[in-house]
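Encoded as structure tokens, the structure appears first; notes follow it.
The values are calculated or read from the model by the stated rules, or taken from the named source; none is laboratory data. Fair warning: this is a prediction, and the values are worked out from it, not measured in the lab. Neighbour counts run over all protein chains shown; Cβ positions are idealised from the backbone, glycine included.
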Amino acid sequence: MLILANITKAAIGALKEYITFMGAMTTTEAMNILNIPVEQELSHSIIKQNAERLTKKNKNALPASLYILKKIKSAEAVLLREIE
């Protein structure tokens, strides 16, 4: 029973990850969203710093903020996955 529970949990996690990245943007598009020059080498700190700065800047844009924040979060996830 425990083995079945672990397999189910792993399958659900893999499915969630697949759905998240199924419609994922390209690395170049993600870099444009986070204002990272294409020539710049990616690092965890640069990605996090730019995503944080943009998130803070756009939190007050009420009607569009949810869409903007989702794009920023998605761009961050794509680039962090790229450097792994």
Would you call I46 modelled with pLDDT of 85 or more, of a type in the set (A, V, I, L, M, F, W, C) and within 12 Å of the chain's Cα centre (by Cα)? no
Every residue in the stretch 35-57 that is surrounded by 12 or more Cβ atoms within 10 Å (Cβ to Cβ) and either touching a strand residue (DSSP E or B) at 6+ places or on another chain (Cβ under 8 Å) or in a helix (DSSP H, G or I) (or both), please. I46, I47, K48, Q49, N50, A51, E52, R53, L54, T55
Out of all the residues in the stretch 72-81, is one or more outside any helix (DSSP H, G or I), among the polar types (S, T, N, Q) and in contact (Cβ under 8 Å) with a residue 24 or more places away in the chain? no
(1) in a helix (DSSP H, G or I); (2) in contact with a helix residue (DSSP H, G or I) (Cβ under 7 Å, 6 or more places away or on another chain); (3) surrounded by 15 or more Cβ atoms within 10 Å (Cβ to Cβ) all hold for S65 apart from (3)
Would you confirm, using the coordinates I've provided, whether S74 is surrounded by 13 or more Cβ atoms within 10 Å (Cβ to Cβ) and modelled with pLDDT under 75? no
